[in-house]
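Note sheet for the following structure.
We did not get these values from a lab; they are worked out from the coordinates using the rules stated. Because the structure is predicted, anything quoted here is derived from the model rather than measured. Don't worry about glycine lacking a Cβ; one is built from the backbone with ideal geometry, like all the others, and counts go over all protein chains shown.
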Amino acid sequence: MKDVVSCFSDDALVRDEGKDFRGKKTIEDWVVKTIEKYKFRFKPLAVKSDEAKIVVSVRSIGNFSWEPSQPDYHFND
């Protein structure tokens, strides 16, 4: 789990399911709860630069009704 959270800055913001999660500890709690809830795994599909952002497209497979999902994760440079 620490590997995932290490990708985020101390003041990072994650928006998921209509909620905001800010800061490493809050994001770590969100990651743990989301994995437990959906039993998902993901596979990176593509990485691209979009101005000052890095955009990672992934395929998510898990226990949710909209399977498979292909969200984009946006990281500020």
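What the table shows:
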read-out	value
Burial ordering of D10, D72, fewest other beta-carbon atoms within 10 Å first	D10, D72
The chain: relative contact order as a whole-number percent, Cα under 8 Å and 6+ apart	19 percent
Read-out percent of Cα pairs over 22 Å apart, derived from the coordinates shown; its label in [x] 12; [y] 37; [z] 22	[z]
Cross-link partners of K37 among lysines (Cα-Cα below 20 Å; sequence separation of 8 or more within a chain)	K2, K19, K24, K25
Label-point separation, R15 to L45 (7 Å along Cα→Cβ), nm	2.1 nm
Dipole in debye (nearest 20) - the chain, about Cα centre, beta carbon charges: Lys, Arg +1; Asp, Glu -1	300 debye
Built amide H within the under 5 Å cut-off of R59, gap 5+	K43, L45
